[in-house]
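A short worksheet on the structure shown next.
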Amino acid sequence: MNEKINKINGIDICTETFGTPQNPAVLLIMGAMCSMVYWDEEFCQQLADTGRYVIRYDNRDVGRSIAYEPGSSNYTVIDMADDAVGVLDSYHIDKAHIVGMSLGGMIAQIMALRYPQRVLSITMIASGIFGSDDNNRNLPPMDEKILAYHANGAKLNWSDEESVADYLVAGSALLCGSKHKFDEQRAYKQVEKEIKRANNLLSMFNHTFLKGDDSYEGKLKEIDVPALVIHGTEDIVLPYEHALALVNEIPNALLLSLKGSSHEIHFDDWDHIINAISHHTSVL
């Protein structure tokens, strides 16, 4: 373990690396309400073993990075993109391949537009278009059962770690596609680490206050780096049509469809995902 706390944009951001610094850098950005532990250590090491220098980190309000008062809104997705560039700066990396899951994929889009000189390629996993005008694209919304499940979180005793772990694991189970068997043991391992690492676990809900940004609406066609979209055909958070929209709007974007997968990076798909990222990040 080589976690470290970096002072980035005046705040604490926790990072960790895998592999050799001399190799091409791949920055992993996790989605909303999840710390870097959801980039499984084995996944990170296997990706590093392809000859990449892999960096994962905790976004604001999750893990060991800065945690604001739960229920507060202190930053934007643009700030989170600036944080990601700050992570690269902390490792003295001029350019990197960016791989983002869900919200992380949207942050990758912003980085490609805001800092094109720092981005070699972007890979968006289970992600969608960052912007404020999604309704005009007639894209399907998140499945109601996800919203209904997490509405119950308000009734949870968040001081009871066992109940919280059960709640988070059951939430992860909802995101398992029909092709896969939910790995409850792996999920509990991640969740227990998530609970113990968090500066303030409830601060993760601050991510729900993040909104789109008018200034980036309609600009995906300006992305001028190689782009790869990886998406499950059964995604119930950002349905598959969101992947098709990304491919339609980002010039020359490639699509890897994961049949029977949902909003997840399932162990069964690791080989496909890692091979795709390895190939995609061979483009310098």
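Observations, loosely collected:
- Pairing residues of the stretch 261-284 that are within 26 Å of ILE236 (Cα to Cα) and at pLDDT 95 or above with residues that are surrounded by fewer than 16 Cβ atoms within 10 Å (Cβ to Cβ) and polar (S, T, N, Q), at Cβ distances under 9 Å and at least 6 apart in sequence or on separate chains, gives SER261/SER178; SER262/SER178.
- Some residue of the stretch 32-39 being of a type in the set (A, V, I, L, M) and on the phi > 0 side of the Ramachandran plot: yes
- Flag if GLY105 is modelled with pLDDT of 95 or more, among the small types (Gly, Ala, Ser) and closer than 11 Å to LEU28 by Cα: yes
- Residue within the stretch 191-198 that is within 27 Å of HIS280 (Cβ to Cβ), within 20 Å of the chain's Cα centre (by Cα), of a type outside the set (Lys, Arg) and assigned to a loop (DSSP other than H, G, I, E, B) present: no
- Pair list, Cβ < 8 Å and 6+ apart or interchain, from the stretch 184-205 residues that are free of Cβ contacts under 8 Å to residues at least 40 places away in the same chain and of a type in the set (Phe, Trp, Tyr) to residues that are surrounded by 16 or more Cβ atoms within 10 Å (Cβ to Cβ) and assigned to a helix (DSSP H, G or I): TYR188/ALA165; TYR188/VAL169
- Residues of the stretch 27-52 that are of a type in the set (A, V, I, L, M), in a loop (DSSP other than H, G, I, E, B) and surrounded by fewer than 24 Cβ atoms within 10 Å (Cβ to Cβ): ALA32, MET33.
- Qualifying residue in the stretch 124-134 (condition: within 23 Å of ASN9 (Cα to Cα), acidic (Asp, Glu) and out of contact with any strand residue (DSSP E or B) (no Cβ under 7 Å at 6 or more places or on another chain)): no
- Residues of the stretch 243-265 that turn out to be over 26 Å from ARG186 (Cβ atoms) and either hydrophobic (A, V, I, L, M, F, W, C) or in a helix (DSSP H, G or I) (or both), as a count: 10
- Test: residue in the stretch 230-238 that is touching a residue at least 60 places away in the same chain (Cβ under 8 Å) and part of a helix (DSSP H, G or I): no
- Taken over the stretch 206-221, the residue count meeting the criterion of being closer than 21 Å to ALA126 by Cα, touching a residue at least 60 places away in the same chain (Cβ under 8 Å) and assigned to a helix (DSSP H, G or I) is 6.
- Counting the residues of the stretch 43-59 that are more than 22 Å from HIS92 (Cβ to Cβ) and without any contact (Cβ under 8 Å) to a residue 60 or more places away in the chain gives 2.
- Test: ASN2 is on the phi < 0 side of the Ramachandran plot, out of contact with any Cys (no Cβ under 6 Å at 6 or more places or on another chain) and surrounded by fewer than 22 Cβ atoms within 10 Å (Cβ to Cβ): yes
- In the set (1) over 17 Å from the mean Cα position of the chain (by Cα); (2) surrounded by fewer than 20 Cβ atoms within 10 Å (Cβ to Cβ); (3) farther than 18 Å from ILE146 by Cα, LEU201 fails one condition alone, (2).
- Residue list for the stretch 62-109, filter: part of a loop (DSSP other than H, G, I, E, B) and either small (Gly, Ala, Ser) or buried (at least 22 other Cβ atoms within 10 Å of the Cβ) (or both): VAL62, GLY63, SER65, ILE66, ALA67, GLY71, SER72, SER73, SER102
- Residue within the stretch 124-135 that is part of a helix (DSSP H, G or I), modelled with pLDDT under 95, more than 14 Å from the chain's Cα centre (by Cα) and surrounded by fewer than 22 Cβ atoms within 10 Å (Cβ to Cβ) present: yes
- Per-region count, the stretch 195-220, residues of a type in the set (Lys, Arg) and modelled with pLDDT under 95: 2
The values are calculated or read from the model by the stated rules, or taken from the named source; none is laboratory data. Because the structure is a prediction, the values reported are computed rather than measured. Note that each Cβ is placed from the backbone with ideal geometry, even for glycine, and that neighbours are counted across all protein chains shown.
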